[in-house]
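Here's the structure we're looking at; comments come further down.
The values are calculated or read from the model by the stated rules, or taken from the named source; none is laboratory data. As the structure is a prediction and not an experimental result, all values here were calculated from the model. As a convention, Cβ positions derive from the backbone with ideal geometry for all residues, glycine included, and neighbour counts pool all protein chains shown.
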Amino acid sequence: MNTDSKPAFSRRRFVASAGLVAGTMITRPLFGADAPSNKLNILLIGVWGRGLAHYDALSEENVVALCDVNEKRFPDALKRFPNATTYVDWRKALDHKGLDAVVICTTDHTHAFIASWALSRNLHVYCEKPLAITVNEARAVRAKWEEKKGKLATQVGMQRHAQANFRRVRELIHDGVIGDLQAAYAWGNRQIRRSGYLPAEGTPPEGFNYDLWLGPAPYRPYNPGYFKGGAGANCLEWNMFWDFGAGQIGDMGSHTMDIVWNVVDAKLPTSVSAKGEAFNSDVTPVECESHFEHPANDWRGPITVSWYQGGVMPRAPKPMIDLTKIGHGAMFKGSKGFLISDFDTRMVLPFGDDADLTYYKPRTKETLIPPVGHFQKEWLAACREPSKKTSCDFGYSADMIEQMLLGLVAYRVGKKIQYDPKTGKSPDTPEADTFMGKQYRDGWTMDG
Ligand SMILES: NC(=O)c1ccc[n+]([C@@H]2O[C@H](COP(=O)([O-])OP(=O)(O)OC[C@H]3O[C@@H](n4cnc5c(N)ncnc54)[C@H](O)[C@@H]3O)[C@@H](O)[C@H]2O)c1
C-alpha cells in the first residue's frame, strides 16, 4: 500500500489553522481557480467499473485516497492517481486525514451507508445512483443531508440530467404546451431475469475481500457470477437481488424517473399502489408498475406519477404512437395534450379540438433555463462554494428514490397504501413497515 501523499491544501487544515472548531464552518477559501491550494482532497470508493467514469474530472483535483474491496484494481488506479493511499474498507478510508470530498461508486447496498458516514464527517459527497435501496435508507440520508444543507455539496450520479432535453421538457410543460399537467409516466424496458441467489461456487480470488463486498448485507456464499460483468456493467450481475439492489428502480429507473422528477416539483406521495409478477424472496420483480399520488403545488393541481418496468407500459395516447419503441422514456399528460420524451428527444402531441397552441408562447434564447454544464464538475464547483445548488442533490434525489422504493413496498404489501411523508409510515397499512427497511449484518450501522 502507498504511503499517504502530502495534501496540497485541505479544508480541515484551513479550518484548524483559522482557529475554528471543525464542523462549525464548512467552507474553504477561494484563491483563484488555478491555485494549487484550491484543489480538493478526494477519496474515490470503488475505483473500477463506474469509478473509471470519474477519473477525468477527478484528475483535476488531489485524489489522496482510493478504496476498493478488490485489491487487484489498485495498480491501474494508482497509475492515474499515484499519490493516493489505498484502502479496502471504506469505513477506514473515510477517516483518511485531510479529506474534503468522497465519490462513491460501490454496490447499491452500500450507498446510503457510505453517504451517511461521509456526511457525518463533514465531507462533500457524490454518490452513484441509487442513493438508497430502502425507504428508511433514503429517509436517513435525507435527514443527515438536511442538517448540512448549504454547507456540504451533494450529487447523485444521474448525469443524464445535464442533457439539454431535460430543461427543454421542463420548460415546455411549465409554459403550458400541454395545458394543465394531470399525470406523468416513466418506464424502462430492461429485463434481466434471475431465479435466485447464486449457489456457492469456488472461493474469492486472492486480494478480493468478499466479506467487505457483502458489507451490511446478510451473508451469501461467494459465486464468481456476481463479478463477471464488464466495466460499468457489472452492476447488472447483482443489482436485481433484494440484498444488493432495488432492481430496475435503482438501475435505469433512477435515470428515467429523473426526466419526470425534474418537471413535476413533487415531494413525497400521499398514496402508492403497485402490481407486478409473482413475488420472489431473492429477486426484485422484473415486471412491475407503481402509481403515486402527489398533492397540488403552487403551479399545478394534484397529479399521479407512474413507473412501469420490465415490459409493462402506460397506454399510448393514440394507436399511431408505439411507446414500446422507446426503451426508457417518459410521458406527460395534460389537459391539452401529451409530451413524450426519451433522454435526448421530445415530441408534443396536442390533443382535442381546442389544442390549438395559441396558449403556448415559446421562450426566447435568453429566457431558456441555463445549461447544467459538466455534471461532475457542477458538484466539484459546489464543493468549493457549497451555497451553489447542484442539480441532483440529496434532497431532490432522496425524495425521488423514496417515491420509487415505496412502489416496491406497495408491491410487497399487495394493496394500495396511504403514506404519511412526515413519519415515513402508512397509517392504514401498518404491515407495510416491515418492507420500509431491512435487516443488516451485525456490526454494520448507517450512523457511523
Ligand atoms: N450513473 C451511471 O450511468 C451508472 C452507470 C453504471 C453504474 N452505475 C452505478 O455505479 C455503481 C457501481 O456499478 P459497477 O457496475 O461499476 O459495479 P462493480 O460491481 O463493477 O463495482 C465497481 C467497483 O466498486 C468496487 N466495490 C464494490 N463494493 C465495494 C465496497 N463495499 N467498497 C469498496 N469497493 C467496492 C468493485 O470491486 C469495483 O471495483 C452502481 O451503484 C451502479 O448503479 C451508474
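Structure notes:
- Residue in the stretch 101-110 that is in a helix (DSSP H, G or I), at pLDDT 95 or above and either over 26 Å from residue 66 (Cβ atoms) or not β-branched (Val, Ile, Thr) (or both) present: yes
- Scanning the stretch 78-101 for residues that are over 20 Å from residue 445 (Cβ atoms) and of a type in the set (Val, Ile, Thr) yields 85, 86.
Here's the yes/no breakdown for (1) under 22 Å from residue 130 (Cβ atoms); (2) surrounded by 15 or more Cβ atoms within 10 Å (Cβ to Cβ); (3) under 15 Å from the mean Cα position of the chain (by Cα):
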{"residue": "398", "(1), (2), (3)": "yes, yes, yes"}
{"residue": "401", "(1), (2), (3)": "yes, yes, yes"}
{"residue": "405", "(1), (2), (3)": "yes, yes, yes"}
{"residue": "410", "(1), (2), (3)": "yes, yes, no"}
{"residue": "418", "(1), (2), (3)": "no, yes, no"}
{"residue": "424", "(1), (2), (3)": "yes, yes, no"}
{"residue": "432", "(1), (2), (3)": "yes, yes, no"}
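- Which listed residue is more than 16 Å from the ligand (Cβ to nearest atom) and at negative phi, from 194, 220, 160, 139: 139
- Counting only residues that are more than 21 Å from residue 413 (Cα to Cα) and either free of Cβ contacts under 8 Å to residues at least 12 places away in the same chain or within 16 Å of the ligand (Cβ to nearest atom) (or both), the stretch 254-290 holds 8 of them.
- Counting only strands (runs of 3 or more DSSP E) that sit wholly inside the stretch 252-331, those with at least 2 residues that are surrounded by 20 or more Cβ atoms within 10 Å (Cβ to Cβ), of a type in the set (Val, Ile, Thr) and at pLDDT 95 or above are 303-309.
For every residue, the table says whether it meets (1) within 19 Å of residue 386 (Cβ to Cβ); (2) crowded, with 19+ Cβ neighbours inside 10 Å; (3) in contact with a helix residue (DSSP H, G or I) (Cβ under 9 Å, 6 or more places away or on another chain); (4) at pLDDT below 95.
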{"site": "130", "(1), (2), (3), (4)": "no, yes, yes, no"}
{"site": "171", "(1), (2), (3), (4)": "no, no, yes, no"}
{"site": "176", "(1), (2), (3), (4)": "no, no, no, no"}
{"site": "198", "(1), (2), (3), (4)": "no, no, yes, no"}
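- Index of the failed condition, residue 119 passing every other in (1) over 21 Å from residue 50 (Cβ atoms); (2) surrounded by fewer than 24 Cβ atoms within 10 Å (Cβ to Cβ); (3) among the hydrophobic types (A, V, I, L, M, F, W, C): (1)
- Any hit, the stretch 123-142, residues being assigned to a helix (DSSP H, G or I) and in contact with a Cys (Cβ under 8 Å, 6 or more places away or on another chain): no
- Residue count, the stretch 231-253 (criterion: within 9 Å of the ligand (Cβ to nearest atom) and out of contact with any His (no Cβ under 7 Å at 6 or more places or on another chain)): 11
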